[in-house]
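J.: Got a structure for you, written out below as structure tokens; questions coming shortly.
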Amino acid sequence: MARDERGVTAQSEDFAAWYNEVVFKAGLVDRGPAKGTMVIRPYGYRLWELLQSEIDGRIKATGHENAYFPLLIPESYLSREAEHVEGFSPELAVVTHAGGKELEEALVVRPTSETIIGEMMAKWISSHRDLPLLLNQWANVVRWELRPRMFLRTTEFLWQEGHTAHIDEGDARRETMLALDLYHEVARDLAAMPVVAGEKTPGERFAGAVATFTIEAMMRDGRALQSGTSHYMGTNFATAFDIRFTGESGREELCHTTSWGMSTRMIGGIVMTHGDDKGLVFPPRLAPHQVVIVPITRGGSAAVEEAAQQLAQRLRAAGVRTHVDARPQLTPGFKYNDWEMRGVPIRLELGPRDLEAGTAMMVKRLGDEGKQAVAIDSLPTVLPGILDEFQEYLLARATKFRDEHTRVVDTWDEFAAAVSTGWALALHCGTPACEDDIKAVTAATPRCIPLEGDPTAGACVRCGAASAYGKRVIFGRAY
Ligand SMILES: [Zn+2]
């Protein structure tokens, strides 16, 4: 009913079906032939490139350098850190044969690169003068997925992984928070995702980390999406890979290391934070096309086509990513629906009568202003500001949604009701058995202990034991 040729199942009817349809129909992604793999199509990849270049600039501005490490890692490397191998074993893809022969030692396709980078750090660091060592890698990683979902959980995905080595705990922990702040800023200012920054409970930590920090976003179905993580490893990996330095005193000491990552999962996060019944809504700062011009040329009007191309040139010169939809075989109405579904923030319609009046009809992807006639000559000046306003509107709307779906709860009934539609802020005893019990009954897990939470004491919302963290924990169902 809520579906037509270019339409999608209404988000409000079936969120999961909506997501699965919209990412394919909008041309973001296609299925790869191997189970759980995805092809990122140009429209999706452009979004990734925009996000990537913004993250990369921030990583470099904070003193990190990019490098590249091999995809294949000797299997024995993973076993050197006991928790790490235990955590990743179920997801590993392992190469046992190559060159027509069985390999003497199997090779793991990297699920993450702490081990191989740790091995190299041990080689490159000898003195305190070599520290801090601040590295980042842009790469693909493979984690075998039994229940894949495009962008959210795929067997292969793209990401950046920062890996750093430091002289002491204080310096490494500062780095961990610097990366977390960077992700917080990227999510908020570019993706318009009002994330909550916090620490993971011990049961949700990265395998091998002393502390894991996360930014958690709320999707429009009330579920949480872990959108970036930053880990303080203590000396766990330094011990496993012998990453040592000679201090000023001449004594040999272990480095403290960190790692942190943000991935193509963010694309799924953007889709599920802003999309609606009509399809995608892209935040202007990451939209592949910020503006699409649809020339209305019934009977074919070269003048209109030309005016559309000229306007596009002027907008591009003003820094606006502009696309002209000149597909001759399609009606303007089809194009309007198509670009609405594909999430373009602003559409400009340009027909012969508009051209005579020196105006174009502007339609925003969201809002109730309808069509507005805007003077063509003013567009290069006014559109950047209109796009900024649209960006702010999306952040405000998502923040309001999150706040309306987050409840401070003290009883189990309130807790169960809150996590059925969003997040619960509750006290918890911190025991894994109690976390498991909550998950079994409600499917909710502890998302994070918010950094900005107020100190609160009391009893665990589930078992009544004393709360472990001195503040409330966010619980929610998660992707
Ligand atoms: Zn408990």
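The values are calculated or read from the model by the stated rules, or taken from the named source; none is laboratory data. Note that this is a predicted model, so its numbers are computed, not measured. Using ideal geometry, Cβ is built from the backbone for each residue, glycine included, and neighbour counts are taken over all protein chains shown. Accessible surface is based on the protein model in full, side chains and every heavy atom, while ligands, DNA and RNA are left aside. Shrake-Rupley method; radii C 1.70, N 1.55, O 1.52, S 1.80 Å.
J.: For n ≥ 4 DSSP H runs only, could you compute -39500 (n - 2.57) per run for the chain, divide by its residues and tell me the 222 nm figure to the nearest 500?
T.: Mean residue ellipticity at 222 nm (helix-derived): -11000 deg cm²/dmol.
J.: Exactly which chymotrypsin sites (Phe, Trp or Tyr not before Pro) in the range 14-119 are in a DSSP loop and have at most 15 other Cβ atoms within 10 Å?
T.: Passing both the DSSP loop test and the Cβ count: 68.
J.: Let me ask something additional. So if we plug the beta-carbon distance of residue 397 and residue 10 into 1/(1 + (r/R0)^6) with R0 = 22 Å, what FRET efficiency do we get, rounded to 0.05?
T.: Working: r = 18 Å, r/R0 = 0.83.
The pair residue 397/residue 10 has a calculated efficiency of 0.75.
J.: Further question: Taking loop as defined by DSSP and a crowding limit of 15 other beta carbons within 10 Å, which trypsin sites (Lys or Arg not before Pro) in the range 293-328 fit?
T.: Here the sparse-neighbourhood loop sites are 298.
J.: Plugging the Kirkwood radius over Cα pairs into Stokes-Einstein for the range 291-385, at a temperature of 25 °C and a viscosity of 0.890 mPa s, what D comes out in µm²/s?
T.: It comes out at roughly 185 µm²/s.
J.: How much accessible area per residue does the range 406-477 have, in Å², with a 1.4 Å probe?
T.: Normalised by residue count, the accessible surface of the range 406-477 is 45 Å².
J.: Whole Å is fine, so just give me how far the alpha carbon centre of the range 415-479 lies from that of the range 23-63.
T.: 33 Å
J.: Which percent of the accessible heavy-atom area of the chain goes to carbon and sulfur, probe 1.4 angstrom?
T.: So the carbon and sulfur contribution to the accessible surface is 50 percent.
J.: Quick one: pull the percentage of alpha-carbon pairs in the chain with a separation above 30 Å.
T.: 53 percent
J.: Quick check: the angle from helix 169-189's long axis to the longest principal axis of the chain, C-alpha only, nearest 10 degrees?
T.: The angle comes out near 20 degrees.
J.: May I ask you to derive the FRET efficiency for residue 43 and residue 377 from their Cβ-Cβ distance with R0 = 35 Å, giving the value to the nearest 0.05? Walk me through the intermediate numbers first.
T.: Details: r = 30 Å, r/R0 = 0.87.
The value I calculate is 0.70.
J.: Scaled to the compact-protein estimate 2.2 N^0.38 Å, what is the alpha-carbon radius of gyration of the range 192-283, rounded to two decimal places?
T.: The range 192-283 yields a ratio of 1.50.
J.: Another one. As an exercise, use a Förster radius of 22 Å and the Cβ-Cβ distance of residue 140 and residue 388 to find the FRET efficiency, rounded to the nearest 0.05.
T.: Step by step, r from the Cβ atoms, then E = 0.05.
J.: State the antiparallel share, in %, of DSSP beta bridges confined to the range 291-385, rounding to the nearest 5.
T.: 50 percent
J.: Right, another one. In the chain, how many lysine pairs have Cα atoms under 21 Å apart, counting only pairs 8 or more places apart or on different chains?
T.: 14
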